[in-house]
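> Dumping the structure here so I can ask a few things about it.
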Amino acid sequence: MSWVDGRERWVYAGVAYGLLAISVIMAAAQDAGAWPGTILLGGAGGGVAGAVPLWAGVPWPPVALVAAVWLAFIPWLHPRRDTRRALVVTHYLVLLALAAALATRSQAFVVFASTGYPLAIAMLPGRLVMAGVTLTALINVTTQAGPEAGPTLLTVIAGVAVPLILAGWYVSAEHDRRRRLVDRLRAAMDENADLNARLLDQARRAGVLDERHRVAGEIHDTLAQDLVALIGQLTAADRATGEESRRRHLGRAAELARRGLSETRRSVRALRPEPLEDAELPDAIGHMARSWAEAAGVDLRFEVTGTPVALAADVEAALFRVAQEALANVAKHADATRTGLTLSYTDETILLDVRDDGAGFDPQRPSDGFGLDGMRQRVRGVGGTLEVESEPGRGTAVAAAVPAIPGR
């Protein structure tokens, strides 16, 4: 940030006053004969003088004083140039009229008339910038032209100035139209991003709800039933009359307790894979894949592309379980000799691809225990998609794509 930022209105006012001061000094020197120059008020049609008879008998000092007072409004108008456009345009036109009146009295004020260039860019609406620049140029030209230049000036105005003003108006209008279009596109993109975020959040909530239902079903089917049976065995042991019967019931109760503990541990591991507790996702998948390759006797190539980042726990768990289930399917069903596993990180999506050269199958037929529905459910639970491509005898490719939700 430069020192000009926030001070533009004072800079433009300072430039205008500086040019006015230079012109006043030069005009005073001309009047004293110390500076070469020509006063353009003589004659009936000299330059623009003939077009402003109102100013004919007024010397330049009072007009310069009025111009100095008029410039004082620039610091106040500049911050309001977008809200008070009519006032700004009126101020600019009056300023050009004062500059023209001064320039007709002394060529020294052509310097001050050049103030119209920066002020046109700084103050006027976009569609009028070219018009302001053109008017300033016409003032500079006409105030220095002689009486014989009348037809030439009309030719310049008709052939150059008017097309320039029209071209500037068209270009500015097109710029405004494109700017409005860009603003609408940005608003639409923001709305789409917000909608996508809400949909993703709903998908994650639905996935959490599905996981709760799954865990509830597992607890009901395993742990709850074991606990009921455990209570029954303990009750039977308490009522047993013989020592042998009592020990038999207690032994069964202990077996049920151990099985319930094992099922509880299995359910906990299903919620958050144990390898992810102590390692990042690429390391956990890589370790699991190497262990699988050694046990299955299948050549496996594991590759990570992109820059790994920490993801939300449910996203990492879903990717790990999909990779684990896909490799388990290769070992159980594919009879493959080579397998490829790729984990790809992009800005918005994480991709997991598992490929093999095995027997393949028809994806349109029931999976018969391939676990595809479970993998799809896991991926869909975190807002992702899962695609399976396979043909009998042509191998299988499983591709999962999930959003890159950062970890907290």
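> For the stretch 292-327, give me each residue that is in a loop (DSSP other than H, G, I, E, B) and without any contact (Cβ under 8 Å) to a residue 60 or more places away in the chain.
Gly297, Val298, Gly306, Thr307, Pro308
> Follow-up question, since we're still on this one. Please enumerate the residues belonging to the stretch 334-354 that are in a loop (DSSP other than H, G, I, E, B), hydroxyl-bearing (Ser, Thr, Tyr) and in contact (Cβ under 8 Å) with a residue 40 or more places away in the chain.
If the condition is that a residue be in a loop (DSSP other than H, G, I, E, B), hydroxyl-bearing (Ser, Thr, Tyr) and in contact (Cβ under 8 Å) with a residue 40 or more places away in the chain, then Thr346 is the only one that fits.
> Further question on the same structure: Is there a residue being of a type in the set (S, T, N, Q), assigned to a loop (DSSP other than H, G, I, E, B) and at pLDDT 85 or above anywhere in the stretch 138-150?
Scanning the stretch 138-150 turns up no residue that is of a type in the set (S, T, N, Q), assigned to a loop (DSSP other than H, G, I, E, B) and at pLDDT 85 or above.
> Within the stretch 368-375, can one find any residue that is farther than 21 Å from Arg394 by Cα and buried (at least 20 other Cβ atoms within 10 Å of the Cβ)? Write out each step before concluding.
As a first pass, look at the stretch 368-375 and keep what is farther than 21 Å from Arg394 by Cα: 373-375.
Remaining after also requiring buried (at least 20 other Cβ atoms within 10 Å of the Cβ): 375.
So far as the stretch 368-375 goes, yes, one or more of its residues are farther than 21 Å from Arg394 by Cα and buried (at least 20 other Cβ atoms within 10 Å of the Cβ).
> Here's something else I'd like to know. Read through the list (1) of a type outside the set (Asp, Glu); (2) modelled with pLDDT of 90 or more; (3) touching a Leu at 6+ places or on another chain (Cβ under 9 Å), then give the number of the only condition that Ala21 fails.
So the condition that Ala21 fails would be (3).
> Follow-up. Of the numbered conditions (1) modelled with pLDDT under 90; (2) surrounded by fewer than 18 Cβ atoms within 10 Å (Cβ to Cβ); (3) over 19 Å from Glu303 (Cα atoms), Gly358 satisfies every one except a single condition; which is it?
Only one criterion is unmet by Gly358, namely (2).
> When the residues of the stretch 52-74 are filtered to those that are modelled with pLDDT under 85 and of a type in the set (Gly, Ala, Ser), which remaining residue is surrounded by the fewest Cβ atoms within 10 Å (Cβ to Cβ)?
Gly57
> Now for a separate question. Consider Ala289 against the criteria (1) farther than 20 Å from Glu391 by Cα; (2) in a loop (DSSP other than H, G, I, E, B); (3) not aromatic (Phe, Trp, Tyr): it satisfies all of them except one. Which criterion is unmet?
With respect to (1) farther than 20 Å from Glu391 by Cα; (2) in a loop (DSSP other than H, G, I, E, B); (3) not aromatic (Phe, Trp, Tyr), Ala289 is out only on (2).
> Among the residues of the stretch 287-330 satisfying the criterion of being among the charged types (D, E, K, R) and under 29 Å from Leu200 (Cα atoms), which is surrounded by the most Cβ atoms within 10 Å (Cβ to Cβ)?
Here the residue is Glu316.
The values are calculated or read from the model by the stated rules, or taken from the named source; none is laboratory data. The structure displayed is predicted, hence computed values, not measured ones. Note that we place each Cβ from the backbone using ideal geometry, even for glycine, and neighbour counts take in every protein chain shown.
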